[in-house]
Amino acid sequence: MRRINSNLLLIVILLLALATACVNAATPAANIDTTSQSGNASSTQAPAVKQPQESKSVQSEADVLPDYPLTVVDDLGRKVTINKQPQRIISLAPSNTEILFALGLDDKIVGVTDYCDYPEAAKTKTRVAGYSTPDLERLVSLQPDLIVAESIQEKTVLPALEKLGMTVFVAEATTLDSILNDISLLGKITGKIGVASRLLDTMNSKINSIASKTQNLSSAQRLRVLYANWHDPIWTMGRNTYINDVINKAGGTNIYEADFENARTVSLESVITKNPQVIFVSGMGTSVDIVYKGIKDETRLYTVDALANNRVYKISNANLIERPGPRIVDGLIEVAKMIHPEIFGELK
């Protein structure tokens, strides 16, 4: 009987030991740190354990950082070297701010302009600049390791920032592709490659949903379009602008594409001669209503097809078309409905 009890006791001890070993084998990750954000393996308390092959595939692309330092070329053709992942970023344009937030960099943004109001969290950031007049003293005090500027600041602000030794990336949107490229580069610079990739997939999908339906339109089917962001005098855009690209992809023809580059004022006589079939307007804040009314009430334009056929439209939110950022694709969809409601449906 004692021998039987001894044997039972031995069996119980062996079962307990086996159960303990199984628990330890099932939870190796509890004692092992994952790879640090910099890419260097952290110290561990447990012996090295080979992770399952699938663990690498489930790691988010956003966690994979580029090799710093890295050098990129901005939209002015400047070579910009980023020594390490930026931790304190200042944006000097509302469009850049929208891109940075869309990349999930809220906690890295330390300064913005007075006009940065989207998303809502942008309103809580420190103001360091007006439209083109940054407060250099306040800007420097924030100790940024990356400043994202725009081309309008090339002649004045950029030299001052470079003189202070600041790292500055300059964005200049001339086409929809250039906007996408800026998002891609900023994703790479900031270590948000995966986030940028997913954002670009979404934007490309929306762009292609429009362009695929307009790319084979004949010249006669491509309506003559005038864009105006002021009415007295009329301010519009020529070629080498993303607005021109929006009009083309939406199935229209910018009436000033062949005449000039960038932005310019045009005469009423010129508009009458070119006879746009569609006019769409925008304007900062409530000025869109002023521009819209100014165009609609101009009696000298009454012979123009767009007014004669009630084809004058205003963008529901000027920022959709005036800010070359992630929301530009929503502006494109709206413009496409203005130009070709028979293809894309009526504006609501």
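The values are calculated or read from the model by the stated rules, or taken from the named source; none is laboratory data. Here the structure is a predicted model, which is why all the values come from computation and not from measurement. Don't worry about glycine lacking a Cβ; one is built from the backbone with ideal geometry, like all the others, and counts go over all protein chains shown.
Restricted to segment 314-332, and to residues there that are surrounded by fewer than 18 Cβ atoms within 10 Å (Cβ to Cβ) and in contact with a Leu (Cβ under 9 Å, 6 or more places away or on another chain), the residue that is nearest to ILE234 (Cα to Cα) is SER316. Checked against the criterion of being surrounded by fewer than 14 Cβ atoms within 10 Å (Cβ to Cβ), in contact with a strand residue (DSSP E or B) (Cβ under 9 Å, 6 or more places away or on another chain) and either part of a loop (DSSP other than H, G, I, E, B) or in the same structural domain as ASN181 (by TED's automatic domain parsing) (or both), the candidates THR97, THR81 yield just one match: THR81. The helices (runs of 4 or more DSSP H) falling completely within segment 101-190 that include 2 or more residues that are under 20 Å from VAL80 (Cα atoms) and charged (D, E, K, R) map to 157-163, 176-189.
Summed over segment 305-335, the residues that are under 17 Å from ASN208 (Cα atoms) and in contact with a strand residue (DSSP E or B) (Cβ under 9 Å, 6 or more places away or on another chain) give a count of 2. Could you please let me know if VAL64 is surrounded by 10 or more Cβ atoms within 10 Å (Cβ to Cβ), touching a strand residue (DSSP E or B) at 6+ places or on another chain (Cβ under 7 Å), more than 24 Å from ILE328 (Cα to Cα) and at pLDDT 50 or above? Criteria not met by VAL64. Here the strands (runs of 3 or more DSSP E) wholly within segment 208-278 that include at least 3 residues being of a type outside the set (A, V, I, L, M, F, W, C) and assigned by TED's automatic domain parsing to the domain that holds ASN309 are 252-254. When the criteria are applied in full, THR286 meets the requirement of being surrounded by fewer than 14 Cβ atoms within 10 Å (Cβ to Cβ), at pLDDT below 95, among the polar types (S, T, N, Q) and not assigned by TED's automatic domain parsing to the domain that holds SER95.
Does SER184 satisfy being modelled with pLDDT under 95, under 19 Å from the mean Cα position of the chain (by Cα) and assigned by TED's automatic domain parsing to the domain that holds GLU98? It is false that SER184 is modelled with pLDDT under 95, under 19 Å from the mean Cα position of the chain (by Cα) and assigned by TED's automatic domain parsing to the domain that holds GLU98.
If only one of ARG311, ARG264 is among the basic types (Lys, Arg), in contact with an Asp or Glu (Cβ under 8 Å, 6 or more places away or on another chain), at negative phi and surrounded by 14 or more Cβ atoms within 10 Å (Cβ to Cβ), which one is it?
Of the residues listed, the single one that is among the basic types (Lys, Arg), in contact with an Asp or Glu (Cβ under 8 Å, 6 or more places away or on another chain), at negative phi and surrounded by 14 or more Cβ atoms within 10 Å (Cβ to Cβ) is ARG311.
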